[in-house]
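Quick notes on the structure that follows.
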Amino acid sequence: MSSEPVVRFENISKRFVFTPETPQSILEVVASFFSRRRRAQRNRDLWAVRDVSFEVMPGQALGIVGRNGSGKSTLLKLIARILRPTAGRMMINGRTSALLELGAGFHQDLTGRENIFLNASVLGLDKESIHARFDDIVSFSELGEFIDMPVKHYSSGMYMRLGFSVAIHVQPDILIVDEILAVGDQAFQTKCIDRIFDLKRQGVTIIMVSHNLNMMRKLCTDLIWLENGQVRERGRSESVAGKYVAYSYKREGRQLANRTASLTINRKGSGEIEITAVRFLDAQGQEHNTFKTGESMTIAMDYVAHQPITEPEFGLVFLRHDGVHIAGPNNLQGGLKIGVVTGSGTIRYCIERLPLLPARYQISAAIHNSRTTRAYDYHDQAYAFRVVPSGTDEVQGLIELPAKWEWRPDK
């Protein structure tokens, strides 16, 4: 295997220029002269990729992660030489096969059969080579009798099947895959992923973008994390993925807190005692909106009593984002009996080890008297927090059971 990189980017930048509309009438000319909008448009140029440098070695599987709009697809189009860089130097060595957009390179009025020959020839195969691979391409795509139908009648899934099948059968040195595998049925997605693993074992260099981090961890040896068109992190997949997930959840937690703070609370009750705040606290007493499965979490409910209240009951209702009722604890069930409450204070519900699996959860908080069925204050689904994975494995379900496995083989 060659020690020279097949892809080298040196300080690559790509700018998209927004050109102001040309006035079409005297009125538009006069209006644009006095308008600040045209002057503002000159500053709206977008640097989709900025000062990016990296190398990809032969046989390496590189993944690119980042939020929507971070420059991932632009970077792939630069590697595929669909776009030219505005600044910097790049070197691509080898036959490149790119699967970037559904139907890219397909002619709408041609049949699937005709588009196979057209697309494969664009990717560098001669007619004889295409004939030799034709049956395998059709077989993998599972299009069968639809192969002689004009592709303008294809569904998005059929497009993806044909495009992917052509891309992997031209025997590329470099396979570029955008978030195209999100389209299609689960069985075919699995088939495509298996084929990508086969190509990796054959030494094909793979560069891909996907929001499926579990797949990226398994397939890619290295990851690049793009943020606002720049490389924020580059390294081994597990390390970069962990940092990216932590950053994403932290950012989502801030957004969740801001949304919760801006919501108008749906509340009801007689008001003799009121809930003034509900806070989610970590083991250090710091306020957060994201927690890992297995971490400790405390829900602090602040209150103020406008008159003495005898034995009020403080309760919570846990709901998953899809409306599944998780639990409805209160202080009496927990063995805490409260006497006469006056003034302000805080009651805490302490969870030593959070059993909830990853999801977003809503909290309803209440102060009531179950003996008289009187609600003093009730906040309906007014607070939210998110539970994130504690490890790298994808876990399904509702809760993590506090249990252990044992093995006792027969002697």
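The table below gives the values:
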{"item": "Residue satisfying all of: in the range 257-284; modelled with pLDDT of 85 or more and part of a loop (DSSP other than H, G, I, E, B); nearest to residue 308 (Cα to Cα) among these", "result": "272"}
{"item": "Output for the range 323-364, where each listed residue is under 18 Å from residue 289 (Cα atoms) and of a type outside the set (A, V, I, L, M, F, W, C)", "result": "348, 349, 352, 353, 355, 358, 360, 361, 362, 364"}
{"item": "Boolean, residue 229 is at pLDDT 85 or above and farther than 27 Å from residue 3 by Cα", "result": "yes"}
{"item": "Residue 174 being in the same structural domain as residue 69 (by TED's automatic domain parsing), crowded, with 16+ Cβ neighbours inside 10 Å and within 24 Å of residue 65 (Cα to Cα)", "result": "yes"}
{"item": "Candidates 81, 89, filtered to the one that is touching a strand residue (DSSP E or B) at 6+ places or on another chain (Cβ under 7 Å) and assigned to a loop (DSSP other than H, G, I, E, B)", "result": "81"}
{"item": "Residue within the range 397-406 that is under 33 Å from the mean Cα position of the chain (by Cα), surrounded by 12 or more Cβ atoms within 10 Å (Cβ to Cβ) and in the same structural domain as residue 279 (by TED's automatic domain parsing) present", "result": "no"}
{"item": "Verdict on residue 116 being farther than 20 Å from residue 188 by Cβ and in contact (Cβ under 8 Å) with a residue 12 or more places away in the chain", "result": "no"}
{"item": "Filtered residues of the range 371-385 (kept if out of contact with any Phe, Trp or Tyr (no Cβ under 7 Å at 6 or more places or on another chain) and surrounded by 12 or more Cβ atoms within 10 Å (Cβ to Cβ))", "result": "374, 375, 376, 377, 378, 379, 380, 381, 382, 383"}
{"item": "Every residue from the range 130-157 that is closer than 27 Å to residue 205 by Cα, in contact (Cβ under 8 Å) with a residue 24 or more places away in the chain, in contact with a helix residue (DSSP H, G or I) (Cβ under 8 Å, 6 or more places away or on another chain) and in a helix (DSSP H, G or I)", "result": "133, 136, 137, 138, 140, 141, 157"}
{"item": "Complete set of residues in the range 375-398 that are touching a strand residue (DSSP E or B) at 6+ places or on another chain (Cβ under 6 Å) and closer than 21 Å to residue 329 by Cβ", "result": "375, 376, 377, 378, 379, 380, 381, 383, 384, 385, 386, 387"}
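One line per residue, one yes/no per condition, for (1) surrounded by 16 or more Cβ atoms within 10 Å (Cβ to Cβ); (2) of a type in the set (Lys, Arg):
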{"residue": "313", "(1), (2)": "yes, no"}
{"residue": "320", "(1), (2)": "yes, yes"}
{"residue": "331", "(1), (2)": "yes, no"}
{"residue": "338", "(1), (2)": "no, no"}
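The values are calculated or read from the model by the stated rules, or taken from the named source; none is laboratory data. Note that the coordinates shown come from a computational prediction; the quantities given were computed from them, not determined experimentally. Virtual Cβ from ideal backbone geometry, glycine too; neighbours counted across all protein chains shown.
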